[in-house]
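Following: one structure in C-alpha coordinates, then a few remarks.
The values are calculated or read from the model by the stated rules, or taken from the named source; none is laboratory data. This structure is a prediction, so every number in the text was calculated from the model and none was measured. FYI the Cβ positions are ideal-geometry reconstructions off the backbone, even for glycines, and counts take in every protein chain you see. All accessible areas refer to the heavy atoms of the entire protein, side chains included, with ligands and DNA or RNA removed. Shrake-Rupley method; radii C 1.70, N 1.55, O 1.52, S 1.80 Å.
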Amino acid sequence: MKHLELLPPEGSLRAMDNDFYGMVGGGARLRLLEVFIDLQIPELLGYRGPLPAQQICALLGLNLHRGWKFLHLLALSGLLEESNGVYSGDETLFGLSANATYYFGPTGTEGFFYRDLVAFWKKVANLSLIDVLRGAPVPEGIHWPYATPDSVAHFEYYWMRLTAAGSIDTLLQSQAVVNAHQLLDIGGGDGTVGCALCSAYPDLQVTVFNLPVSAELARTHIAERHMIDRVQVHEGDFFKDEFPTGFDHVLFNRTLADWQPTVCKMLFDKVRRSMAPGGKLVINEAMLEGNTDFTLAWEFRYIFYDAYGRALFKPLSVYKQLLEDAGFRITKVTPMRHEAFYSVIEAEAVH
Ligand SMILES: C[S@@+](CC[C@H](N)C(=O)[O-])C[C@H]1O[C@@H](n2cnc3c(N)ncnc32)[C@H](O)[C@@H]1O
(Lines give C-alpha, C1' and ligand atoms only; values in the text may rest on other atoms or scores of the structure.)
Protein backbone atom coordinates (compact mmCIF):
# COMPACT_ATOMS: atom_id res chain seq x y z
CA MET A 1 0.00 0.00 0.00
CA LYS A 2 1.31 3.46 -0.93
CA HIS A 3 1.45 6.06 1.86
CA LEU A 4 0.43 9.24 0.09
CA GLU A 5 1.59 11.43 2.98
CA LEU A 6 5.18 10.39 2.11
CA LEU A 7 4.96 11.95 -1.37
CA PRO A 8 6.53 15.43 -1.84
CA PRO A 9 4.19 18.34 -2.63
CA GLU A 10 3.93 19.42 -6.25
CA GLY A 11 6.50 22.05 -7.25
CA SER A 12 8.78 21.29 -4.26
CA LEU A 13 12.52 20.70 -4.65
CA ARG A 14 11.93 17.00 -3.94
CA ALA A 15 9.32 16.85 -6.71
CA MET A 16 11.83 18.44 -9.10
CA ASP A 17 14.46 15.86 -8.14
CA ASN A 18 11.84 13.22 -8.77
CA ASP A 19 11.30 14.60 -12.27
CA PHE A 20 15.03 14.29 -12.94
CA TYR A 21 15.04 10.73 -11.63
CA GLY A 22 12.02 10.17 -13.84
CA MET A 23 14.28 10.81 -16.84
CA VAL A 24 17.10 8.54 -15.68
CA GLY A 25 14.57 5.97 -14.49
CA GLY A 26 13.09 6.05 -18.00
CA GLY A 27 16.40 4.72 -19.33
CA ALA A 28 16.38 1.91 -16.75
CA ARG A 29 12.77 1.05 -17.57
CA LEU A 30 13.52 0.80 -21.26
CA ARG A 31 16.52 -1.51 -20.82
CA LEU A 32 14.45 -3.70 -18.52
CA LEU A 33 11.62 -3.84 -21.05
CA GLU A 34 13.98 -4.78 -23.91
CA VAL A 35 15.39 -7.71 -21.95
CA PHE A 36 11.96 -8.69 -20.60
CA ILE A 37 10.91 -9.19 -24.24
CA ASP A 38 14.22 -10.72 -25.43
CA LEU A 39 14.21 -13.31 -22.63
CA GLN A 40 10.57 -14.13 -23.47
CA ILE A 41 9.47 -13.58 -19.90
CA PRO A 42 5.89 -12.73 -21.00
CA GLU A 43 5.66 -16.12 -22.73
CA LEU A 44 7.27 -18.00 -19.82
CA LEU A 45 5.10 -16.52 -17.07
CA GLY A 46 2.03 -16.39 -19.30
CA TYR A 47 2.35 -20.13 -19.83
CA ARG A 48 3.49 -21.18 -16.35
CA GLY A 49 1.91 -18.53 -14.11
CA PRO A 50 3.85 -16.90 -11.22
CA LEU A 51 7.12 -18.66 -10.39
CA PRO A 52 9.77 -18.28 -7.64
CA ALA A 53 12.78 -16.17 -8.59
CA GLN A 54 15.03 -19.19 -8.20
CA GLN A 55 13.08 -21.16 -10.80
CA ILE A 56 12.82 -18.27 -13.26
CA CYS A 57 16.57 -17.66 -13.03
CA ALA A 58 17.32 -21.37 -13.49
CA LEU A 59 15.02 -21.62 -16.52
CA LEU A 60 16.50 -18.50 -18.14
CA GLY A 61 20.10 -19.26 -17.22
CA LEU A 62 20.44 -16.11 -15.07
CA ASN A 63 22.82 -15.60 -12.17
CA LEU A 64 20.39 -15.81 -9.22
CA HIS A 65 21.63 -12.72 -7.34
CA ARG A 66 21.56 -10.49 -10.43
CA GLY A 67 18.45 -12.13 -11.81
CA TRP A 68 16.55 -11.50 -8.58
CA LYS A 69 17.39 -7.80 -8.75
CA PHE A 70 16.33 -7.70 -12.37
CA LEU A 71 12.97 -9.35 -11.63
CA HIS A 72 12.39 -7.01 -8.69
CA LEU A 73 13.00 -3.98 -10.94
CA LEU A 74 10.63 -5.39 -13.53
CA ALA A 75 8.06 -5.45 -10.74
CA LEU A 76 8.91 -1.86 -9.78
CA SER A 77 8.45 -0.83 -13.42
CA GLY A 78 5.02 -2.39 -13.44
CA LEU A 79 5.69 -5.35 -15.74
CA LEU A 80 5.70 -8.03 -13.02
CA GLU A 81 3.73 -8.64 -9.86
CA GLU A 82 5.95 -9.50 -6.91
CA SER A 83 4.75 -11.38 -3.83
CA ASN A 84 6.19 -13.22 -0.89
CA GLY A 85 9.28 -11.01 -1.08
CA VAL A 86 9.61 -9.22 2.27
CA TYR A 87 13.05 -10.82 2.85
CA SER A 88 14.05 -10.65 -0.85
CA GLY A 89 14.52 -14.39 -0.74
CA ASP A 90 15.04 -16.82 -3.59
CA GLU A 91 11.45 -17.99 -3.17
CA THR A 92 9.95 -14.53 -3.95
CA LEU A 93 7.20 -15.07 -6.50
CA PHE A 94 7.05 -13.16 -9.78
CA GLY A 95 4.11 -13.24 -12.18
CA LEU A 96 2.87 -11.06 -15.04
CA SER A 97 1.23 -7.82 -13.90
CA ALA A 98 -2.12 -6.60 -15.16
CA ASN A 99 -0.21 -4.13 -17.39
CA ALA A 100 1.97 -6.87 -18.90
CA THR A 101 -1.13 -8.98 -19.54
CA TYR A 102 -2.69 -6.00 -21.29
CA TYR A 103 0.42 -5.46 -23.48
CA PHE A 104 1.29 -9.10 -24.23
CA GLY A 105 -1.98 -10.98 -23.67
CA PRO A 106 -2.79 -13.52 -20.94
CA THR A 107 -0.49 -16.13 -22.47
CA GLY A 108 2.29 -13.58 -23.04
CA THR A 109 2.42 -14.38 -26.75
CA GLU A 110 0.57 -11.34 -28.12
CA GLY A 111 1.37 -7.64 -28.42
CA PHE A 112 2.76 -7.39 -31.93
CA PHE A 113 2.47 -3.61 -31.91
CA TYR A 114 4.28 -3.18 -28.58
CA ARG A 115 7.01 -5.59 -29.62
CA ASP A 116 7.49 -3.83 -32.97
CA LEU A 117 7.74 -0.51 -31.15
CA VAL A 118 10.62 -1.80 -29.03
CA ALA A 119 12.26 -3.50 -32.02
CA PHE A 120 12.21 -0.23 -33.97
CA TRP A 121 13.60 1.60 -30.95
CA LYS A 122 16.48 -0.86 -30.70
CA LYS A 123 17.44 -0.27 -34.32
CA VAL A 124 18.52 3.27 -33.48
CA ALA A 125 19.17 3.14 -29.75
CA ASN A 126 22.74 1.87 -29.95
CA LEU A 127 23.93 4.40 -32.50
CA SER A 128 25.87 7.38 -31.22
CA LEU A 129 23.37 10.20 -31.05
CA ILE A 130 26.15 12.80 -31.05
CA ASP A 131 27.68 11.32 -34.22
CA VAL A 132 24.27 11.18 -35.86
CA LEU A 133 23.48 14.76 -34.82
CA ARG A 134 26.79 15.80 -36.39
CA GLY A 135 25.76 14.20 -39.65
CA ALA A 136 27.10 10.63 -39.51
CA PRO A 137 25.38 8.41 -42.04
CA VAL A 138 22.57 6.32 -40.57
CA PRO A 139 22.92 2.66 -41.55
CA GLU A 140 19.25 1.86 -41.90
CA GLY A 141 17.61 4.97 -43.26
CA ILE A 142 14.02 4.64 -44.28
CA HIS A 143 12.13 6.10 -47.15
CA TRP A 144 8.92 7.91 -46.20
CA PRO A 145 6.36 7.44 -47.59
CA TYR A 146 7.36 3.81 -48.07
CA ALA A 147 8.19 3.05 -51.65
CA THR A 148 8.64 -0.68 -52.27
CA PRO A 149 5.53 -2.89 -52.54
CA ASP A 150 6.71 -5.03 -49.59
CA SER A 151 7.32 -2.12 -47.23
CA VAL A 152 4.04 -0.44 -48.24
CA ALA A 153 2.14 -3.71 -47.66
CA HIS A 154 3.80 -4.23 -44.25
CA PHE A 155 2.98 -0.66 -43.27
CA GLU A 156 -0.60 -0.56 -44.52
CA TYR A 157 -1.46 -3.95 -43.09
CA TYR A 158 0.47 -4.35 -39.82
CA TRP A 159 0.69 -0.75 -38.78
CA MET A 160 -2.40 0.87 -40.21
CA ARG A 161 -5.12 -1.72 -40.70
CA LEU A 162 -4.43 -3.58 -37.47
CA THR A 163 -4.38 -0.39 -35.43
CA ALA A 164 -7.28 1.37 -37.16
CA ALA A 165 -10.04 0.33 -34.74
CA GLY A 166 -9.28 2.96 -32.08
CA SER A 167 -9.23 5.78 -34.64
CA ILE A 168 -12.45 4.57 -36.25
CA ASP A 169 -14.13 4.37 -32.88
CA THR A 170 -12.97 7.90 -32.01
CA LEU A 171 -14.29 9.21 -35.29
CA LEU A 172 -17.67 7.51 -34.93
CA GLN A 173 -18.08 8.68 -31.35
CA SER A 174 -17.23 12.26 -32.33
CA GLN A 175 -20.09 12.17 -34.89
CA ALA A 176 -17.93 14.38 -37.10
CA VAL A 177 -19.00 12.66 -40.33
CA VAL A 178 -22.51 11.69 -39.32
CA ASN A 179 -24.06 13.96 -42.00
CA ALA A 180 -21.56 13.22 -44.74
CA HIS A 181 -22.65 12.02 -48.20
CA GLN A 182 -19.47 12.28 -50.24
CA LEU A 183 -16.31 11.97 -48.18
CA LEU A 184 -12.75 12.24 -49.45
CA ASP A 185 -10.32 10.30 -47.22
CA ILE A 186 -6.88 11.74 -47.93
CA GLY A 187 -4.07 9.26 -47.31
CA GLY A 188 -6.87 6.78 -46.69
CA GLY A 189 -4.63 3.73 -46.25
CA ASP A 190 -6.02 0.50 -47.71
CA GLY A 191 -9.61 1.67 -47.32
CA THR A 192 -10.12 0.18 -43.86
CA VAL A 193 -11.40 3.43 -42.41
CA GLY A 194 -13.53 4.21 -45.49
CA CYS A 195 -15.19 0.76 -45.35
CA ALA A 196 -15.87 1.12 -41.61
CA LEU A 197 -17.47 4.54 -42.13
CA CYS A 198 -19.66 3.20 -44.96
CA SER A 199 -20.75 0.30 -42.75
CA ALA A 200 -21.76 2.79 -40.05
CA TYR A 201 -23.46 5.30 -42.35
CA PRO A 202 -25.67 3.77 -45.08
CA ASP A 203 -25.90 6.93 -47.22
CA LEU A 204 -22.18 7.57 -47.34
CA GLN A 205 -19.85 7.28 -50.33
CA VAL A 206 -16.11 7.42 -49.66
CA THR A 207 -13.21 8.11 -51.99
CA VAL A 208 -9.77 7.04 -50.79
CA PHE A 209 -6.98 9.28 -52.07
CA ASN A 210 -3.62 7.53 -51.96
CA LEU A 211 -0.32 6.85 -53.70
CA PRO A 212 -0.30 4.17 -56.43
CA VAL A 213 0.99 1.18 -54.41
CA SER A 214 -1.33 1.85 -51.47
CA ALA A 215 -4.18 2.58 -53.89
CA GLU A 216 -3.72 -0.87 -55.43
CA LEU A 217 -3.84 -2.49 -51.97
CA ALA A 218 -6.96 -0.45 -51.22
CA ARG A 219 -8.71 -1.69 -54.37
CA THR A 220 -8.03 -5.30 -53.40
CA HIS A 221 -9.09 -4.79 -49.78
CA ILE A 222 -12.28 -2.91 -50.69
CA ALA A 223 -13.23 -5.68 -53.14
CA GLU A 224 -12.60 -8.33 -50.46
CA ARG A 225 -14.99 -6.45 -48.20
CA HIS A 226 -17.61 -6.21 -51.01
CA MET A 227 -17.61 -2.42 -50.81
CA ILE A 228 -16.68 -1.39 -54.34
CA ASP A 229 -20.03 0.33 -54.87
CA ARG A 230 -19.48 2.45 -51.75
CA VAL A 231 -15.72 3.07 -51.57
CA GLN A 232 -13.80 4.36 -54.59
CA VAL A 233 -10.09 4.86 -54.97
CA HIS A 234 -8.45 7.95 -56.46
CA GLU A 235 -4.76 7.52 -57.18
CA GLY A 236 -2.71 10.62 -56.49
CA ASP A 237 0.24 12.22 -54.77
CA PHE A 238 -0.76 15.11 -52.55
CA PHE A 239 2.56 16.83 -53.15
CA LYS A 240 1.95 16.98 -56.88
CA ASP A 241 -1.77 16.71 -57.46
CA GLU A 242 -4.77 18.81 -56.57
CA PHE A 243 -7.56 16.96 -54.74
CA PRO A 244 -10.66 15.82 -56.65
CA THR A 245 -13.63 18.17 -56.20
CA GLY A 246 -17.24 17.86 -55.06
CA PHE A 247 -16.82 16.40 -51.57
CA ASP A 248 -18.91 17.66 -48.66
CA HIS A 249 -16.49 16.13 -46.12
CA VAL A 250 -12.71 15.83 -46.35
CA LEU A 251 -10.96 13.60 -43.83
CA PHE A 252 -7.37 13.30 -42.67
CA ASN A 253 -7.24 10.22 -40.47
CA ARG A 254 -3.83 9.68 -38.87
CA THR A 255 -2.15 11.29 -41.86
CA LEU A 256 -1.16 14.78 -40.71
CA ALA A 257 1.12 13.59 -37.87
CA ASP A 258 3.40 12.23 -40.59
CA TRP A 259 4.14 15.72 -41.86
CA GLN A 260 5.54 18.94 -40.52
CA PRO A 261 3.40 22.08 -40.27
CA THR A 262 4.44 23.54 -43.66
CA VAL A 263 3.15 20.40 -45.42
CA CYS A 264 -0.08 20.39 -43.40
CA LYS A 265 -0.69 24.01 -44.38
CA MET A 266 -0.11 23.16 -48.06
CA LEU A 267 -2.65 20.30 -47.71
CA PHE A 268 -5.22 22.56 -46.03
CA ASP A 269 -4.81 25.05 -48.89
CA LYS A 270 -5.54 22.26 -51.36
CA VAL A 271 -8.61 21.19 -49.39
CA ARG A 272 -9.82 24.79 -49.32
CA ARG A 273 -9.59 24.92 -53.13
CA SER A 274 -11.33 21.59 -53.73
CA MET A 275 -14.00 21.15 -51.05
CA ALA A 276 -17.64 21.78 -51.91
CA PRO A 277 -19.16 25.02 -50.49
CA GLY A 278 -20.40 24.47 -46.93
CA GLY A 279 -18.18 21.40 -46.59
CA LYS A 280 -16.43 20.17 -43.48
CA LEU A 281 -12.79 19.36 -42.94
CA VAL A 282 -12.25 16.61 -40.35
CA ILE A 283 -8.91 15.80 -38.73
CA ASN A 284 -8.56 12.68 -36.57
CA GLU A 285 -5.06 12.77 -35.21
CA ALA A 286 -2.71 12.09 -32.32
CA MET A 287 -1.93 15.53 -30.97
CA LEU A 288 0.76 16.57 -28.56
CA GLU A 289 -1.65 17.11 -25.69
CA GLY A 290 -1.81 13.99 -23.54
CA ASN A 291 0.77 12.25 -25.73
CA THR A 292 4.12 13.63 -24.55
CA ASP A 293 5.85 10.28 -23.95
CA PHE A 294 4.34 8.90 -27.15
CA THR A 295 5.76 11.91 -29.02
CA LEU A 296 9.18 11.57 -27.37
CA ALA A 297 9.32 7.88 -28.30
CA TRP A 298 8.39 8.44 -31.94
CA GLU A 299 10.18 11.67 -32.62
CA PHE A 300 13.40 10.40 -31.03
CA ARG A 301 13.46 7.76 -33.73
CA TYR A 302 12.70 10.34 -36.37
CA ILE A 303 16.00 12.10 -35.57
CA PHE A 304 17.61 9.09 -37.26
CA TYR A 305 15.28 9.17 -40.28
CA ASP A 306 15.84 12.29 -42.34
CA ALA A 307 12.81 11.52 -44.46
CA TYR A 308 10.63 12.64 -41.55
CA GLY A 309 10.05 16.32 -40.92
CA ARG A 310 10.03 18.37 -37.72
CA ALA A 311 7.49 18.57 -34.89
CA LEU A 312 5.12 16.03 -36.33
CA PHE A 313 2.89 15.61 -33.28
CA LYS A 314 1.48 19.07 -33.03
CA PRO A 315 -0.55 20.75 -30.29
CA LEU A 316 -4.06 21.94 -31.00
CA SER A 317 -2.83 25.55 -31.07
CA VAL A 318 -0.63 24.75 -34.11
CA TYR A 319 -3.51 23.10 -35.97
CA LYS A 320 -5.68 26.10 -35.13
CA GLN A 321 -3.10 28.51 -36.56
CA LEU A 322 -2.50 26.44 -39.72
CA LEU A 323 -6.23 26.12 -40.33
CA GLU A 324 -6.79 29.83 -39.82
CA ASP A 325 -3.94 30.64 -42.20
CA ALA A 326 -5.57 28.39 -44.81
CA GLY A 327 -8.97 30.05 -44.36
CA PHE A 328 -10.68 27.60 -42.00
CA ARG A 329 -12.34 28.04 -38.63
CA ILE A 330 -12.49 25.26 -36.05
CA THR A 331 -16.10 24.47 -35.16
CA LYS A 332 -15.62 21.56 -32.77
CA VAL A 333 -12.88 19.61 -31.02
CA THR A 334 -13.53 16.16 -29.57
CA PRO A 335 -10.78 15.20 -27.11
CA MET A 336 -9.17 11.77 -27.09
CA ARG A 337 -11.18 8.97 -25.57
CA HIS A 338 -10.42 5.95 -23.50
CA GLU A 339 -9.80 3.69 -26.53
CA ALA A 340 -7.21 5.65 -28.46
CA PHE A 341 -4.92 8.65 -28.43
CA TYR A 342 -6.61 10.57 -31.24
CA SER A 343 -8.57 13.80 -31.02
CA VAL A 344 -10.96 15.07 -33.68
CA ILE A 345 -10.98 18.59 -35.10
CA GLU A 346 -13.86 19.77 -37.27
CA ALA A 347 -13.42 22.92 -39.35
CA GLU A 348 -15.33 24.90 -41.96
CA ALA A 349 -14.15 27.32 -44.58
CA VAL A 350 -14.41 31.00 -43.70
CA HIS A 351 -16.09 32.89 -46.50
C1 LIG B 1 -0.27 6.89 -41.37
S2 LIG B 1 -1.06 6.32 -42.79
C3 LIG B 1 -2.77 6.53 -42.39
C4 LIG B 1 -3.66 5.59 -43.16
C5 LIG B 1 -5.17 5.71 -42.84
N6 LIG B 1 -5.64 7.06 -42.99
C7 LIG B 1 -5.46 5.19 -41.47
O8 LIG B 1 -5.76 5.97 -40.57
O9 LIG B 1 -5.41 3.97 -41.29
C10 LIG B 1 -0.71 7.61 -43.93
C11 LIG B 1 -1.27 7.39 -45.31
O12 LIG B 1 -0.91 8.52 -46.11
C13 LIG B 1 -0.55 8.05 -47.40
N14 LIG B 1 0.33 9.04 -48.06
C15 LIG B 1 1.60 9.35 -47.71
N16 LIG B 1 2.11 10.24 -48.57
C17 LIG B 1 1.15 10.50 -49.48
C18 LIG B 1 1.09 11.34 -50.64
N19 LIG B 1 2.15 12.06 -51.01
N20 LIG B 1 -0.05 11.36 -51.35
C21 LIG B 1 -1.11 10.61 -50.98
N22 LIG B 1 -1.12 9.80 -49.88
C23 LIG B 1 0.00 9.74 -49.15
C24 LIG B 1 0.16 6.74 -47.12
O25 LIG B 1 0.23 5.95 -48.28
C26 LIG B 1 -0.71 6.16 -46.02
O27 LIG B 1 -1.77 5.40 -46.55
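Label point of Met266 set 7 angstrom out along Cα-Cβ; within region 201-238, amide nitrogens under 11 Å from it belong to 238.
Pop out the Kirkwood hydrodynamic radius of region 149-349 from its pairwise C-alpha distances, inverse of mean 1/r, in Å to one decimal.
Details: mean 1/r = 0.0592 Å⁻¹.
Result for region 149-349, one decimal place: 16.9 Å.
Amide H to amide H, with H built 1.01 Å from N, Ser343 comes under 5 Å of Glu285, Ala286, Met287, counting only residues 5 or more places away or on other chains.
Note on Tyr305 and His143: the extension gain reaches 57.5 nm, defined as 0.36 nm multiplied by sequence separation minus the Cα-Cα distance.
The long axis of helix 64-76 is offset from the longest Cα principal axis of the chain by roughly 40 degrees.
Among the trypsin sites (Lys or Arg not before Pro) within region 248-349, those in coil by DSSP and having at most 11 neighbouring Cβ atoms inside 10 Å are Arg310.
Computed from Cα atoms, the angle from the helix 212-224 axis to the main principal axis of the chain rounds to 90 degrees.
Can you tell me how region 263-351 classifies by the Cα gyration tensor, rounded, prolate or oblate, using a/c under 1.5 as the rounded cut? Intermediate values should be presented prior to the final figure.
Details: a/c = 2.67, a/b = 1.52, b/c = 1.76.
The shape class here is oblate.
Suppose R0 equals 51 Å; then what is the FRET efficiency for Gln55 and Val318 from their Cβ-Cβ distance, rounded to the nearest 0.05? Rounded to the nearest 0.05, the efficiency is 0.45.
Summing Lys and Arg as +1 and Asp and Glu as -1 over all other residues whose Cβ lies under 13 Å from the Cβ of Leu64 gives a net charge of 0. Remark on Ala326: its backbone amide H falls under 5 Å from none of the residues 5 or more positions apart or on other chains, H modelled at 1.01 Å from N. Taking amide hydrogens as placed 1.01 Å from N in the peptide plane, the amide H of His234 sits under 5 Å from those of Val208, Phe209, Asn210, each at least 5 positions away in sequence or on another chain. When both bridge partners sit in the chain, DSSP labels roughly 50% of those beta bridges antiparallel.
In square angstrom, what is the accessible area per residue of region 232-322 with a 1.4 angstrom probe? Walk me through the numbers on the way to the answer.
On the way: 3920 Å² over 91 residues.
The answer is 43 Å² per residue.
With all protein chains kept in place, the per residue accessible area of region 4-110 amounts to 64 square angstrom at a probe of 1.4 angstrom.
Structural descriptor for the chain: relative contact order 12 percent, calculated from alpha carbon pairs under 8 angstrom and at least 6 residues apart. For the chain, the longest principal axis of the alpha carbon atoms and the long axis of helix 13-38 meet at an angle near 90°. Please find the FRET efficiency linking Ile228 to Asp116, where r is the Cβ-Cβ separation and R0 is fixed at 30 Å, and quote it to the nearest 0.05. For R0 = 30 Å, the calculated efficiency reads 0.45. Size descriptors for the chain (Cα atoms only): Rg and Dmax, in that order, 23.6, 73 Å. Return the calculated 222 nm mean residue ellipticity for the chain, to the nearest 500 deg cm²/dmol, obtained by summing -39500 (n - 2.57) across DSSP H runs with n ≥ 4 and dividing by the residue count. Counting only the DSSP helices, I get -13500 deg cm²/dmol. Between His65 and Leu133, the modelled label-to-label distance comes to 3.8 nm, taking each label 7 Å out from Cα in the direction of the beta carbon.
Carbon-plus-sulfur accessible fraction, the chain (probe radius 1.4 Å, protein heavy atoms only): 58%.
Placing R0 at 45 angstrom, the Cβ-Cβ distance between Asp237 and Val24 gives a FRET efficiency of 0.55 after rounding to 0.05. Loop sites by DSSP among the GluC sites (Glu not before Pro) of the chain, restricted to those with at most 14 other Cβ atoms within 10 angstrom, leave 141-241 as the longest stretch without any of them.
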